[in-house]
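Just below is one structure, and these are the notes that go with it.
The values are calculated or read from the model by the stated rules, or taken from the named source; none is laboratory data. If you're wondering where the values come from, they're calculated on a predicted model, not measured in any experiment. Please note: Cβ atoms are built from the backbone with ideal geometry, for glycine as well, and neighbour counts cover all protein chains shown. Accessible surface is based on the protein model in full, side chains and every heavy atom, while ligands, DNA and RNA are left aside. Shrake-Rupley method; radii C 1.70, N 1.55, O 1.52, S 1.80 Å.
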Amino acid sequence: MREIVLINITGADRPGLTAAITGALARCGVGILDIGQAVVHNTLSFGILVEIPADGELAALQKEVLFVAHALEQQVRFTAVSETDYQAWVAGQGKPRYIVTLMTRRVTAAQLERVSAITARHALEIDQIDRLSGRLALDTPEACSKGCIEFSVRGEPADPAALRAEFLLAAQELNVDIGFQLDTVFRRIRRLAVFDMDSTLIEAEVIDELAKAAGIGEQVAAITERAMRGELDFRASFKERLALLKGLPEDVLAEIGASLRLTEGAEVLFAELKRLGYKTAILSGGFSYFARQVQARLGIDYVFANELEIVDGKVTGVAVEPIVDGQRKADLLRQLAEQEGLSLEQTIAVGDGANDLPMLGLAGLGVAFRAKPLVRQSARQAISNLGLDGILYLLGYRDREPGV
């Protein structure tokens, strides 16, 4: 009668260990049903599920493995698995798989406890846990730190909306970001990424900066804030704000452009996207004058933004059609995907305002970045605590992978 046995091996990691253990199993003629290995701080955890054929002997297998493990200073545990339990395990492989991504400045046990408790409450079984972020020195400043833990979970939540609400609440209370997405083949083969510019790629709303130079900063900033929260129609509010800038001297634009700062992680993200073969685009309700400057700094392929009309060296305050509003951004995303021969599942959209929601909902991966509450709640994914390079974690890339 055949037997099924789970072999767990733990101890200090060392070269050749896997070959030695599997060599012992080979001499016993067993079949491998499952295998997994992880190393945490140079300590190995190695599990192998084996099938001993009817003419094999468990005692002989144990003797062979124990001899090798002892020579390598490893601890071994053998656990018998019934055929009923094995068949139940096999049946579970048809369940959907999801990826839960915890992103934070510093990972704590409280964060992991909260995330794992939520997944358990919603009948999701954790299959694997992995650290995507790089190793941190103990004295690394908080602002320079970033941590990411990825959970691979299996199951089907009975109430996805309730699960998402719990993750959102946990993210707010713990000052972390929690991504939740279906684990599909598209996750690492996306090839087009589009971005809002103001307060996404750069740390400013340019129209507010222009208004400050014109002496009407507070008035325009209040309208901008309401528009980004979704309280005002974007097109109408854009025309209203632009009209207030009438007569602004053209030389002010150069001064403001020179002062614009890229958002944390932007340069890392775009360097990596380029290495991976992505096409990138700015889809902005801001102005092309500044978008082209950002394009040059980050090596972006396409720019679609609003034209700032200037006559006789002064801003006219007249909006030039077509205005890049929320619907226009979504249309442009669809157009670029078709132009590049991609499905929408292969696209990423990133933005912070209510006018970004149409493109965030259309893209395969829509990310609300340091967004207003309405946008954060409406988008499928949100990053508020890390920089733009946190998007690479949602794609499953590790800091320690070459080029990252």
Just need a number here: residues in the stretch 75-106 that are open to solvent by less than 50 Å² (accessible area, probe 1.4 Å) and either in contact with a Ser or Thr (Cβ under 7 Å, 6 or more places away or on another chain) or assigned to a helix (DSSP H, G or I) (or both). 6
Would the stretch 253-266 turn up any residue that is modelled with pLDDT of 95 or more and among the charged types (D, E, K, R)? yes
Do you know which of the residues in the stretch 185-226 that are in contact with a Leu (Cβ under 7 Å, 6 or more places away or on another chain) and basic (Lys, Arg) is nearest to Gly257 (Cα to Cα)? Arg226
Among the residues of the stretch 107-119, are any at pLDDT 95 or above, among the charged types (D, E, K, R) and surrounded by fewer than 19 Cβ atoms within 10 Å (Cβ to Cβ)? yes
Can you find even one residue in the stretch 51-71 that is touching a residue at least 60 places away in the same chain (Cβ under 8 Å), open to solvent by less than 30 Å² (accessible area, probe 1.4 Å), in a strand (DSSP E or B) and of a type outside the set (Gly, Ala, Ser)? no
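Conditions (1) of a type in the set (S, T, N, Q); (2) part of a helix (DSSP H, G or I), marked per residue:
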{"residue": "Ile300", "(1), (2)": "no, no"}
{"residue": "Ile310", "(1), (2)": "no, no"}
{"residue": "Val315", "(1), (2)": "no, no"}
{"residue": "Gln327", "(1), (2)": "yes, yes"}
{"residue": "Gly341", "(1), (2)": "no, no"}
{"residue": "Pro358", "(1), (2)": "no, yes"}
{"residue": "Gly361", "(1), (2)": "no, yes"}
How do the pairs read when you match residues in the stretch 246-268 that are under 30 Å from Ala143 (Cα atoms) with residues anywhere that are open to solvent by 80 Å² or more (accessible area, probe 1.4 Å) and among the acidic types (Asp, Glu), using Cβ under 8 Å and keeping only pairs 6 or more apart or on different chains? Leu260/Glu203; Arg261/Glu203; Leu262/Glu203; Thr263/Glu203
Give the number of residues within the stretch 310-339 that are free of Cβ contacts under 8 Å to residues at least 60 places away in the same chain, closer than 14 Å to Phe238 by Cβ and either of a type in the set (Lys, Arg) or open to solvent by less than 70 Å² (accessible area, probe 1.4 Å) (or both). 3
For the stretch 213-221, indicate whether the set of residues that are buried (at least 21 other Cβ atoms within 10 Å of the Cβ) and at pLDDT below 85 is non-empty. yes
Going through the stretch 298-311 in order, the residues found to be acidic (Asp, Glu) and farther than 17 Å from Asp325 by Cβ are Asp301, Glu309
If Asp183 satisfies all but one of (1) over 29 Å from Gly285 (Cα atoms); (2) open to solvent by less than 20 Å² (accessible area, probe 1.4 Å); (3) not basic (Lys, Arg), what's the number of the condition it fails? (2)
Checked the stretch 135-169 for anything closer than 14 Å to Val107 by Cβ and of a type in the set (A, V, I, L, M, F, W, C); matches are Leu136, Leu138, Cys148, Ile149, Phe151
For the stretch 356-398, name all the residues that are of a type in the set (A, V, I, L, M, F, W, C) and farther than 21 Å from Glu225 by Cα. Leu362, Ala363, Leu365, Leu386, Leu388, Ile391, Leu392, Leu394, Leu395
On the given criteria, is Asp159 at pLDDT 90 or above and either within 22 Å of Arg261 (Cβ to Cβ) or assigned by the TED database to the domain that holds Ala354 (or both)? no
Would you pick out the residues in the stretch 367-378 that are surrounded by 23 or more Cβ atoms within 10 Å (Cβ to Cβ) and either modelled with pLDDT of 95 or more or in a loop (DSSP other than H, G, I, E, B) (or both)? Val367, Ala368, Phe369, Ala371
If we keep just the residues of the stretch 263-297 that are within 21 Å of Gly326 (Cα to Cα) and in a helix (DSSP H, G or I), which is farthest from the chain's Cα centre (by Cα)? Tyr289
